[in-house]
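The values are calculated or read from the model by the stated rules, or taken from the named source; none is laboratory data. Computed from a prediction, not measured in an experiment: that's the story for all the values here. Quick reminder, even Gly has a Cβ in these numbers, built from the backbone with ideal geometry, and neighbours come from all protein chains shown.
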Amino acid sequence: MAFAFIRYEVANRIATITLARPEKLNAVNGAMVRELIAAFEAADSDDAVGAVIVTGEGRAFCAGADLSSGSESLVAPGSADLTGPDGTVDYANERMREVGGRLALVLYNLRKPVIGAINGAAAGLGATLTLPMDIRIAAEEARFGFVFARRGMVLETAASFFLPRIAGIGTSLEWCMSGRMVDAAEALRHGLVNAVVPQGDLLRAAERQAREIIDNAAPVAVALVRQMLWRGLGMAHPMEAHRIESRGIHARSRSADASEGVRSFLEKRRPAFPDRVSQDMPDFYPWWEEPPYA
């Protein structure tokens, strides 16, 4: 799979996506977003991929949006003509959607676990891009900047959903209203990252985490658990969780994976789960497309 602004490599069931504009500190343009979406969708549909790692080439993870075109860089493509003669704006138009949010929703809907290996500065969209990832591991040199207010802008990439759920509302407000850079140690204290490691160990640490999942957990169960936890953040009552979990227990207890999971435990060996996300997701998936109490 050939890309211009990223690299996509699969080895040992790990798909590694590398932001590859080091001369621009991996700043994001529209083409890179389209490539990222294509890469994530390719990983999600490939049963040979058990986990995804995202990192950056060079000294930065991602410097945010490429602002080389000035303030026009901040405009959603195709949205410039959505203001009518009377000054009213067609906010409901599909072209109004900002590109980072489209990418965040692709990440949110994935069935594969995503691990961020943040190798350096992550600012603006570079910081918000990490939020829909499941596990974030930072190099000691990494820094995060939710700098939008310093550019006269507001949050993007669905960050107003993800960030307070990860770091808490108070911390999120302070980081976003000040727009200051947050070092890796502070990010760790507030739960923005799961671990901080030396730069030289970053990819190995991310790969170890991926292997822990791939070698021990059933892909279909991982996909369901991932969606249960992310979707659970928006549930209004534990009964919603109980209903989905009951469906999951019913479906998976009858699966070949469950039989293998029990056998491998009793036989004290590593499991070899047969089910695949491409064909063995249960019939109630995706449940969030139903009425909430159906």
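Restricting the search to the stretch 131-157, which residues are over 12 Å from residue 193 (Cβ atoms) and of a type in the set (Val, Ile, Thr)?
Those that are over 12 Å from residue 193 (Cβ atoms) and of a type in the set (Val, Ile, Thr): 147, 154, 157.
Can you name every residue in the stretch 230-285 that is among the hydrophobic types (A, V, I, L, M, F, W, C) and more than 26 Å from residue 162 (Cβ to Cβ)?
First pass over the stretch 230-285, keeping only residues among the hydrophobic types (A, V, I, L, M, F, W, C): 230, 233, 235-236, 239, 241, 244, 249, 251, 256, 258, 262, 265-266, 272-273, 277, 281, 284.
Passing the criteria: 249, 251, 256, 258, 262, 265, 266, 272, 273.
Filter the stretch 248-288 down to residues that are surrounded by 13 or more Cβ atoms within 10 Å (Cβ to Cβ), touching a residue at least 12 places away in the same chain (Cβ under 8 Å) and of a type in the set (A, V, I, L, M, F, W, C), then give me how many there are.
The number of residues fulfilling the criteria is 7.
Which members of the stretch 32-55 meet the condition of being within 15 Å of residue 206 (Cβ to Cβ) and crowded, with 22+ Cβ neighbours inside 10 Å?
Here is the first cut: in the stretch 32-55, the residues within 15 Å of residue 206 (Cβ to Cβ) are 43, 49-55.
43, 50, 51, 52, 53, 54, 55 - these are the residues of the stretch 32-55 that are within 15 Å of residue 206 (Cβ to Cβ) and crowded, with 22+ Cβ neighbours inside 10 Å.
If you check 185, 159, 210, 218, which single one turns out to be modelled with pLDDT of 95 or more, over 30 Å from residue 272 (Cβ atoms), surrounded by 21 or more Cβ atoms within 10 Å (Cβ to Cβ) and aliphatic (A, V, I, L, M)?
Numbers: 185 fails: surrounded by 21 or more Cβ atoms within 10 Å (Cβ to Cβ); 210 fails: over 30 Å from residue 272 (Cβ atoms); 218 fails: over 30 Å from residue 272 (Cβ atoms).
Within the list 185, 159, 210, 218, the selection yields 159.
Give the residue that is nearest to residue 46 (Cα to Cα), with candidates limited to residues of the stretch 204-216 that are among the aliphatic types (A, V, I, L, M) and over 17 Å from the mean Cα position of the chain (by Cα).
Narrowing the stretch 204-216 to residues among the aliphatic types (A, V, I, L, M): 205-206, 210, 213-214.
Checking the rest, the ones that are also over 17 Å from the mean Cα position of the chain (by Cα) come to 205, 214.
Details: 205: 23, 214: 14 Å.
Restricting to residues being among the aliphatic types (A, V, I, L, M) and over 17 Å from the mean Cα position of the chain (by Cα), the top hit is 214.
Among (1) farther than 24 Å from residue 151 by Cα; (2) modelled with pLDDT under 95, there is one condition residue 47 misses while meeting the rest; what is its number?
(2)
Of the numbered conditions (1) touching a residue at least 24 places away in the same chain (Cβ under 8 Å); (2) in contact with a helix residue (DSSP H, G or I) (Cβ under 9 Å, 6 or more places away or on another chain), residue 215 fails exactly one; give the number of that condition.
Unmet condition: (2).
So which of 239, 235 is farther than 29 Å from residue 16 by Cα and within 21 Å of the chain's Cα centre (by Cα)? Quick ask: steps written out before the conclusion?
Details: 239 fails: within 21 Å of the chain's Cα centre (by Cα).
None of the other options fit; the residue is 235.
Looking at residue 106 and the list (1) within 14 Å of residue 193 (Cβ to Cβ); (2) under 9 Å from the mean Cα position of the chain (by Cα); (3) among the β-branched types (Val, Ile, Thr), which single condition is not satisfied?
(1)
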